Structures are given as C-alpha cells and as structure tokens.
Amino acid sequence: MISNVVLRDTVNGIKAITNTDLTIVDQDGRLLATTLENPSVSAREIQNFADMAEDMAEIKGRLYFRAKDEYQDPCFVILEAVGDKAAMVGRLASFQLENLMVAYREHYDRENFIKNLLLDNLLIVDIYNRAKKLRIESEARRVVFILESEQSRDYSTLEAVKEVFGKTHNDFITAIDERSIIVVKELTDTDGDPELQKIARAILDAVGSGEQDNVHVAYGTIIGELREVSRSYKEARMALDVGKIFFGDQSVIAYSQLGIGRLIYQLPIPLCKMFIKEIFGDKNPEDFEAETFETINKFFENSLNVSETSRQLYIHRNTLVYRLDKLEKSTGLDLRVFDDAITFKIALMVVQYMKYMKTLDY
C-alpha cells in the first residue's frame with residue numbers, strides 16, 4: 001500500500017491547488033490522509049458507498065469517490081462539499097490515487113522480483129518472462145553491492161541509499177535481512193573496478209559511516225545477464241565474510257581481491273586443524289611473541305626484503321636475521337625461502353580463519 005507520507009503530500013497538494021478539503025480512507029474506514037484538523041469519518045456511510053456499484057456518490061452532504069486497482073483493495077476519497085467543482089476535484093483526486101496505486105504495485109512487484117532473483121528462487125524461463133513484463137532489461141552490465149552493519153539497519157539508512165541510487169529506473173535497492181542493504185547497480189560499457197570502488201564509497205558516504213563504524217560494503221564481479229545477478233550477490237556475500245576474517249581494517253572489499261583467502265574460507269575445519277598440526281606440531285602460533293608477529297608481518301609486507309624490513313622496523317639487519325633464524329629453529333620454516341614463506345603465510349591465514357569460525361560457534 002502507498003505510504004502515508006505520500007498520501008499526505010498528495011492531499012495537501014490537491015488542497016493547495018483547489019482550496020478543497022478532502023480525506024482518504026481504506027475500505028475498512030481507517031483514516032489514511034486528510035487535510036482536516038478533526039475529520040469525521042462515518043463507518044456506516046463508507047460501508048454504504050462500498051456496497052454501491054458506482055464510483056461516485058453523494059451521501060449526507062459529502063461526495064464519495066472510489067479509487068480502485070484490480071490487484072489491491074480500493075480506497076475512498078471523501079470531499080466535504082458537493083457541486084460541480086467538488087465533483088471535478090474528487091475525480092482528479094481518485095485518478096491520482098489510482099495512478100499511485102499502480103505505481104506502488106509495480107514498484108513492489110519489481111522489488112519482489114529482484115529479491116527472488118538475488119536468492120536464486122526463480123527458474124530461468126520465469127526470470128526472462130517476468131523481466132519483460134516489468135520492463136527490466138535482461139542483458140545489461142550489472143554488479144551487486146552489499147552494505148552491512150553490525151547494528152540493525154533502520155528505515156533512514158535504507159532511504160539514504162535510495163536517495164543516491166534509487167532515482168534511476170535501472171538500479172534496484174532492497175533489503176533481505178535486518179543488517180544488510182543490497183544495491184543492484186547497472187553499469188556503463190566502460191565501468192571497471194575504479195568506478196566500482198567509487199560507487200562503494202558513495203554508498204558509505206550516503207549512510208554517513210566512518211572507518212570506525214563497523215560498516216562494510218562488498219561487491220561481486222560484473223555480470224552481463226539478469227540471470228547472473230544471484231552469482232554476483234553470492235560473490236558479494238562471500239566478500240563480506242572473507243573480508244571480516246582477512247581484511248578487517250578495510251571498509252570496502254571486492255570479491256576479485258580476496259585471493260587465497262577465498263580458498264581458505266571454503267576449507268573444512270578438521271582439514272585446517274590437520275594442516276596446522278603438520279606445520280607447527282604441538283606449538284600454537286597464537287603464542288608467538290608480539291615482536292615475532294610484527295617481524296613476520298613486516299617481512300611479508302616488504303616482499304621478503306631483509307634490508308627494507310629492518311629499516312622499517314628500526315633494527316639492524318643482523319638483528320632481523322637473528323629473529324628469522326630463531327623462527328626457523330622453532331618452526332622448521334625459513335621465511336627467506338619463498339616456498340617456506342608461502343607455507344607460513346597460508347598457515348597464519350588458516351589460524352586466523354579457524355579463530356574467526358570459533359567465535360561463530362559461541
């Protein structure tokens with residue numbers, strides 16, 4: 001049903017133009033919008049009019065008009081006046097109301113269609129048939145963005161995103177759960193990752209979030225057909241989950257940048273435990289000293305460059321070599337050797353993944 005805000009704006013606009021008071025009620029007599037301070041609505045009169053076949057009637061000094069749509073319950077427009085002018089105003093008001101009902105029904109149908117498309121609830125033949133009826137282009141470049149917050153979203157958040165991206169007929173904004181907002185964005189033929197990053201930042205700006213607000217935007221890969229929207233959505237959803245584990249300091253994460261983290265995320269926990277046991281034995285990598293972790297991370301950041309790492313750590317080169325030798329004795333892995341460095345890096349990521357999954361079990 002049309003929102004009460006839209007209905008109030010409509011009746012106020014009609015009164016401003018015609019200087020005529022009017023009221024809108026549903027078929028049960030519930031007040032939806034009015035220009036009167038103290039409207040008097042008679043349930044009996046409404047019921048009498050509802051039982052009539054006519055779409056306009058005069059009842060006890062008032063004019064009643066029916067606004068109907070074949071898929072929705074009718075609404076009634078009540079004018080506190082009679083005569084030719086009042087009849088014209090009533091007809092215009094009911095006509096406007098019917099157009100709004102059709103527009104909102106189409107919007108609702110489109111939103112339901114997009115939700116089912118995202119959740120992969122439609123057969124391929126249904127996708128193209130319904131898209132044609134709803135005037136949605138089936139072959140266009142699109143990508144799915146997900147905005148997620150640790151706090152439950154409110155109405156204003158959804159409206160803020162719609163204000164930025166809901167002005168075009170080709171973009172879709174919807175919500176599937178209490179914490180996420182999904183944007184299905186149509187792209188131009190030349191849009192690439194730089195443009196996707198700008199769009200993601202625009203979504204964050206729309207809700208006024210900062211790096212400290214635990215609000216993240218993730219997006220999937222660009223798809224060219226409507227039936228692939230669900231794939232882009234699943235990619236964006238995975239990007240959110242993997243991003244929380246391995247890219248927690250980033251507010252924007254793309255599926256294409258997940259790298260090996262995407263593979264680790266799909267490993268079963270028993271296999272992860274077996275792998276860590278083979279690499280570290282009975283040792284727990286989380287027991288490493290903070291200094292050791294800092295050295296390891298900085299060494300990886302600098303692509304195994306000893307000189308640059310020692311410079312950034314403000315230590316002598318020999319001190320760094322000593323730390324690496326000490327780590328090799330403890331784990332059997334020499335981080336200066338590429339294969340050992342890769343093994344160690346993967347092992348740390350697996351530990352990180354297991355730690356995250358453990359928090360979900362509590």
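The values are calculated or read from the model by the stated rules, or taken from the named source; none is laboratory data. Keep in mind the model is a prediction, meaning the values are calculated, not measured. Positions of Cβ are generated from backbone atoms using ideal geometry, with glycine treated the same way; all protein chains shown enter the neighbour counts. Accessible surface areas use protein heavy atoms only, side chains included; no ligands, DNA or RNA. Shrake-Rupley method; radii C 1.70, N 1.55, O 1.52, S 1.80 Å.
Looking across region 1-30, the residues that are among the aliphatic types (A, V, I, L, M) and either in contact with an Asp or Glu (Cβ under 9 Å, 6 or more places away or on another chain) or at pLDDT below 90 (or both) come down to 1, 2, 5, 6, 7, 11, 22.
Residues checked against (1) open to solvent by less than 10 Å² (accessible area, probe 1.4 Å); (2) free of Cβ contacts under 8 Å to residues at least 60 places away in the same chain; (3) of a type in the set (A, V, I, L, M); (4) closer than 27 Å to residue 137 by Cβ:
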| site | (1), (2), (3), (4) |
| --- | --- |
| 193 | no, no, no, yes |
| 200 | yes, yes, yes, yes |
| 206 | no, yes, yes, yes |
| 215 | no, no, yes, no |
| 224 | no, no, no, yes |
| 237 | no, no, no, yes |
| 244 | no, no, no, no |
| 248 | no, yes, no, no |
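Inside region 246-278, can you point out the residues that are within 26 Å of residue 330 (Cα to Cα), touching a Phe, Trp or Tyr at 6+ places or on another chain (Cβ under 7 Å) and aliphatic (A, V, I, L, M)? Hit for region 246-278 is 264, nothing else.
The set of residues in region 92-104 being open to solvent by less than 70 Å² (accessible area, probe 1.4 Å) and touching a residue at least 12 places away in the same chain (Cβ under 8 Å) consists of 93, 94, 97, 98, 100, 101, 102. Whenever a residue of region 313-333 is closer than 17 Å to residue 302 by Cβ, its partners that are acidic (Asp, Glu) and open to solvent by 100 Å² or more (accessible area, probe 1.4 Å), lying with C-beta atoms within less than 9 angstrom and at least six residues away or across chains, give the pairs 313/294. Taking strands (runs of 3 or more DSSP E) as the structural unit, those lying wholly within region 36-114 and holding at least 3 residues that are touching a strand residue (DSSP E or B) at 6+ places or on another chain (Cβ under 7 Å) correspond to 62-69, 72-79.
Counting only residues that are among the aliphatic types (A, V, I, L, M) and touching a helix residue (DSSP H, G or I) at 6+ places or on another chain (Cβ under 7 Å), which one in region 64-91 is surrounded by the most Cβ atoms within 10 Å (Cβ to Cβ)?
The first filter runs over region 64-91 and keeps only residues among the aliphatic types (A, V, I, L, M), leaving 67, 77-79, 81-82, 86-89.
Pick out the ones that are also touching a helix residue (DSSP H, G or I) at 6+ places or on another chain (Cβ under 7 Å) and you get 67, 77, 79, 89.
Details: 67: 20, 77: 26, 79: 22, 89: 24.
The selected residue is 77.
Annotation: of all residues in region 7-35 being part of a loop (DSSP other than H, G, I, E, B) and not hydroxyl-bearing (Ser, Thr, Tyr), the one that is least open to solvent (accessible area, probe 1.4 Å) is 29. Candidates are the residues of region 306-333 that are farther than 26 Å from residue 270 by Cα and part of a loop (DSSP other than H, G, I, E, B); the one that is least open to solvent (accessible area, probe 1.4 Å) is 315. Residue pairs whose Cβ atoms lie under 8 Å apart, separated by 6 or more positions or on different chains, with the first residue in region 26-49 and under 17 Å from residue 68 (Cα atoms) and the second surrounded by fewer than 14 Cβ atoms within 10 Å (Cβ to Cβ) and at pLDDT 85 or above, are 29/43; 29/47. With respect to the conditions (1) open to solvent by less than 80 Å² (accessible area, probe 1.4 Å); (2) at pLDDT below 90, residue 287 falls short on a single one, namely (1).
Does residue 218 satisfy the condition of being part of a strand (DSSP E or B) and within 30 Å of residue 346 (Cα to Cα)?
So residue 218 fits the description; yes.
Looking only at residues in region 132-149 that are farther than 17 Å from residue 187 by Cα and within 21 Å of the chain's Cα centre (by Cα), the one that is surrounded by the most Cβ atoms within 10 Å (Cβ to Cβ) is 147.
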